[in-house]
């Protein structure tokens with residue numbers, strides 16, 4: 001098996017995550033799809049690190065995980081605040097800037 | 001993995017078997033996350049995808065990242081997601097109304113086109129796999145530590161500022177300022193009796209019914225189900241057990257009107273009706 005298969009898998013997962021961000025209306029599910037895209041990128045980083053024969057890609061993946069953890073904390077608290085004020089976690093609900 | 005095989009740009013048979021078993025699982029779980037109706041199912045399926053990715057990291061000579069993936073992603077991040085789902089409410093279903101016409105079709109086309117572009121683009125590149133045997137010679141964790149604390153030291157120190165900022169931001173966002181005076185027990189009691197609502201305790205589930213489980217509505221003296229005896233969340237999720245011959249319990253808005261689309265044959269009991 002060629003290690004490139006991991007990169008193909010990561011492209012599929014990234015595309016599924018992107019489709020989820022565009023399709024779903026629940027803010028939490030949209031956020032989960034963003035996490036899936038980050039994970040797909042991490043898989044590509046780890047695979048490229050293995051192909052290149054050095055560990056830099058793994059270090060980048062590690063940093064992506066740290067940033068994702070920070071992002072989840074802030075993003076989820078924003079969702080909770082939006083839910084508290086609007087009683088809904090739908091991304092269509094927060095449209096005050098539209099008009 | 002094996003030095004000879006890695007030099008030839010190939011992986012060992014064991015890795016290939018692991019990949020071909022787990023890659024479909026990861027893709028199917030990701031698709032399931034995309035199409036699951038309930039957000040909890042989406043979260044659990046995403047956790048499954050992340051576990052598959054952790055195994056892929058282990059297969060690719062990245063044991064540190066594999067363990068971190070399990071601990072941080074499936075352990076912390078996904079449980080945080082589930083926690084917020086419980087706070088926001090499990091019954092917050094996705095509205096399936098399309099707000100922009102043609103957006104759904106366009107999104108699917110864009111995603112498929114994007115995946116096709118990526119696969120075609122990557123397929124044109126031939127890359128030799130060097131393997132990590134040299135880089136991992138003194139251990140994967142040691143090699144990563146050497147890089148993080150030399151080349152990437154500044155980035156590593158910046159992440160500490162990022163994490164502190166995130167923790168502060170979460171505390172500030174989650175903090176709720178009290179704008180009004182806290183009501184005393186006397187005021188709460190007066191409000192309860194003057195509001196015209198039923199001042200008595202609401203009936204527990206299962207009173208006079210066949211079962212006393214939480215999903216079984218209590219029965220009123222005339223045999224009709226008392227909808228206030230079951231949790232609104234259970235009613236919204238459609239998990240309430242039906243009383244034989246009496247129709248099902250429907251969710252009612254607090255002002256007494258049944259929701260639009262409720263079956264007209266279903267009988268609803270007003271909150272303040274005295275039986």
- Message: Please go through (1) assigned to a helix (DSSP H, G or I); (2) surrounded by fewer than 19 Cβ atoms within 10 Å (Cβ to Cβ) for residue A:2 and return the number of the only condition it doesn't satisfy.
- Response: (1)
- Here the residues within region A:61-93 that are within 17 Å of residue B:171 (Cβ to Cβ) and facing another protein chain (nearest Cβ under 7 Å) are A:69, A:70, A:72, A:73, A:74, A:76, A:77, A:78, A:79, A:80, A:81
- Determine whether residue B:243 is in a loop (DSSP other than H, G, I, E, B), modelled with pLDDT of 70 or more and more than 14 Å from chain A (Cβ to nearest Cβ). no
- Query: Which is surrounded by fewer than 21 Cβ atoms within 10 Å (Cβ to Cβ) and at pLDDT below 90, of B:93, B:39?
  - Reply: B:93
- Task: Determine which single condition residue B:165 fails, assuming it passes every other condition in (1) surrounded by 10 or more Cβ atoms within 10 Å (Cβ to Cβ); (2) modelled with pLDDT under 85; (3) within 30 Å of residue A:72 (Cβ to Cβ).
- Result: (2)
- Query: For residues in region A:35-48 being more than 17 Å from residue A:18 (Cβ to Cβ) and more than 7 Å from chain B (Cβ to nearest Cβ), which is modelled with the highest pLDDT?
  - Reply: A:45
- Task: Specify the residue that is nearest to residue B:107 (Cα to Cα); the eligible residues are those in region B:36-58 that are over 10 Å from the mean Cα position of the chain (by Cα) and more than 9 Å from chain A (Cβ to nearest Cβ).
- Result: B:37
- Collect the residues in region B:125-169 that are in a helix (DSSP H, G or I), touching a residue at least 40 places away in the same chain (Cβ under 8 Å) and more than 7 Å from chain A (Cβ to nearest Cβ), keeping them in residue-number order. B:140, B:141
- Message: For the list (1) out of contact with any helix residue (DSSP H, G or I) (no Cβ under 7 Å at 6 or more places or on another chain); (2) within 11 Å of another protein chain (Cβ to nearest Cβ); (3) loosely packed, with under 15 Cβ neighbours inside 10 Å; (4) within 30 Å of residue A:69 (Cβ to Cβ), I need the number of the one condition that residue B:113 fails.
- Response: (4)
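Residue-wise test of (1) closer than 29 Å to residue B:10 by Cα; (2) surrounded by 15 or more Cβ atoms within 10 Å (Cβ to Cβ); (3) modelled with pLDDT under 90.
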residue: B:124; (1), (2), (3): yes, no, yes
residue: B:131; (1), (2), (3): yes, yes, yes
residue: B:147; (1), (2), (3): yes, yes, no
residue: B:153; (1), (2), (3): no, no, no
- May I ask you to list the residues in region A:17-31 that are touching a strand residue (DSSP E or B) at 6+ places or on another chain (Cβ under 9 Å) and within 7 Å of chain B (Cβ to nearest Cβ)? A:25, A:26
- Message: Need the failing condition index for residue A:58 against (1) assigned to a helix (DSSP H, G or I); (2) more than 7 Å from chain B (Cβ to nearest Cβ); (3) more than 20 Å from residue B:81 (Cβ to Cβ), just the number.
- Response: (2)
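The values are calculated or read from the model by the stated rules, or taken from the named source; none is laboratory data. In this text, all values refer to a predicted model and were calculated from it rather than measured experimentally. Note: ideal-geometry Cβ built from the backbone for every residue, glycine included; neighbour counts use all protein chains shown.
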